[in-house]
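The values are calculated or read from the model by the stated rules, or taken from the named source; none is laboratory data. Since this is a predicted model, take the numbers as computed values, not measurements. For neighbour counting, all protein chains shown are included, and Cβ atoms are generated from backbone atoms with ideal geometry for every residue, glycine included.
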Amino acid sequence: MNPSESHPPYDVIIVGGSYAGLSCAMQLGRARRRVLVIDAGQRRNRYASHSHGFLTQDGRAPGDIAADGKRQVLAYATVSWREGRARQAAQTADGFEIMLDDGSRVQAARLVLAGGVVDELPPVEGLRERWGASAFHCPYCHGYELGQGRIGVIASSALSMHHALMLPDWGTVTLFLNGAFEPDAAQLAELARRGSTLERRLVARIEGVAEVVLEDGSRHAMAGLFVAPRTHQASPLAEQLGCAIDEGPMGPVVRTDETKATSVAGVFCCGDAGRAAGNVAFAVADGAMAGVAAHRSLMFGVAQAA
């Protein structure tokens with residue numbers, strides 16, 4: 001392909017081909033709209049061996065769910081797929097232009113951002129290697145499989161209180177503060193009420209399946225660990241286009257209204273990039289809403305969030 005080649009315009013370009021992007025493409029494909037999905041192949045849950053909590057797909061490998069979705073979406077003749085990374089976005093007289101990492105450019109009347117977010121884990125030795133296997137961020141996705149065993153929460157900020165107060169419904173909880181914050185009197189009372197144990201000694205590393213080794217050498221064997229990571233947007237396109245971005249509890253979130261419209265007319269955002277917390281079921285629902293809203297805007301005019 002000639003990098004300078006300019007492709008015919010699409011009705012909608014979807015940047016991100018994971019669950020939200022696929023769900024969006026499904027709605028638009030069924031409306032017989034010309035759709036291009038651009039995907040860099042970096043699903044947020046690619047480290048997890050199993051996905052839970054999504055009706056009819058509970059316990060399946062995340063990659064298998066995504067592969068099935070891609071196959072089903074591409075069965076619609078008006079949906080196309082490009083592997084690659086969208087590097088730049090700009091508004092044009094007729095909509096939007098996206099430049100890919102190979103230098104090629106594509107245009108569409110509408111744009112859907114479904115690029116997701118990237119997790120920033122605290123610098124604890126051994127944690128990254130266990131991410132998605134025995135260290136997680138979503139209790140609803142992974143808590144049940146721990147069998148009501150011992151659960152460790154590795155604090156990353158005061159937001160880890162949320163995990164420490166939620167997780168007793170899934171097991172016996174120890175909150176490892178690791179110098180991230182110090183609970184106040186009210187928080188200490190809440191931890192006691194929920195039966196969560198507090199550990200103030202610093203964490204040295206994680207070993208085995210989920211064994212927390214403290215700096216003094218003491219060890220705490222856990223069935224699993226939970227961390228509330230900081231996140232950042234996986235794609236720069238929302239910022240490039242001037243979309244309003246709010247500071248969420250875990251990181252920047254693209255502002256959208258109930259239809260997933262952003263503050264820039266003609267641009268929609270779905271999935272983890274546009275919500276403070278998410279899972280596969282939320283992403284699929286977001287994508288369906290964005291797809292329907294993008295289609296309606298093609299028929300009846302653009303909308304934008306406040």
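Quick notes on this structure:
- Residues of region 163-177 that turn out to be within 22 Å of V280 (Cβ to Cβ) and either buried (at least 22 other Cβ atoms within 10 Å of the Cβ) or at pLDDT below 95 (or both), as a count: 2
- Residue count, region 266-279 (criterion: in a helix (DSSP H, G or I) and either surrounded by fewer than 24 Cβ atoms within 10 Å (Cβ to Cβ) or among the charged types (D, E, K, R) (or both)): 1
- Here A109 clears all of (1) surrounded by 20 or more Cβ atoms within 10 Å (Cβ to Cβ); (2) assigned to a loop (DSSP other than H, G, I, E, B) except the condition numbered (2).
- Taken over region 61-84, residues that are crowded, with 17+ Cβ neighbours inside 10 Å, under 19 Å from the mean Cα position of the chain (by Cα) and either not in a helix (DSSP H, G or I) or not charged (D, E, K, R) (or both) amount to 4.
- Residue pairs whose Cβ atoms lie under 7 Å apart, sitting 6 or more positions apart in sequence or on different chains, and linking a residue in region 250-261 that is at negative phi and free of Cβ contacts under 8 Å to residues at least 40 places away in the same chain to a partner that is in a strand (DSSP E or B) and of a type in the set (D, E, K, R), are V253/D246.
- On inspection, S263 passes the criterion of being in a loop (DSSP other than H, G, I, E, B) and at pLDDT 95 or above.
- Condition broken by G271, with the remaining ones in (1) modelled with pLDDT of 95 or more; (2) farther than 30 Å from R60 by Cβ satisfied: (2)
Listed here are the residues, each with its yes/no results for (1) at pLDDT 95 or above; (2) of a type outside the set (A, V, I, L, M, F, W, C); (3) assigned to a loop (DSSP other than H, G, I, E, B); (4) crowded, with 18+ Cβ neighbours inside 10 Å.
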| site | (1), (2), (3), (4) |
| --- | --- |
| F181 | yes, no, yes, no |
| A189 | yes, no, no, no |
| A192 | yes, no, no, no |
| L225 | yes, no, no, yes |
| D246 | yes, yes, no, no |
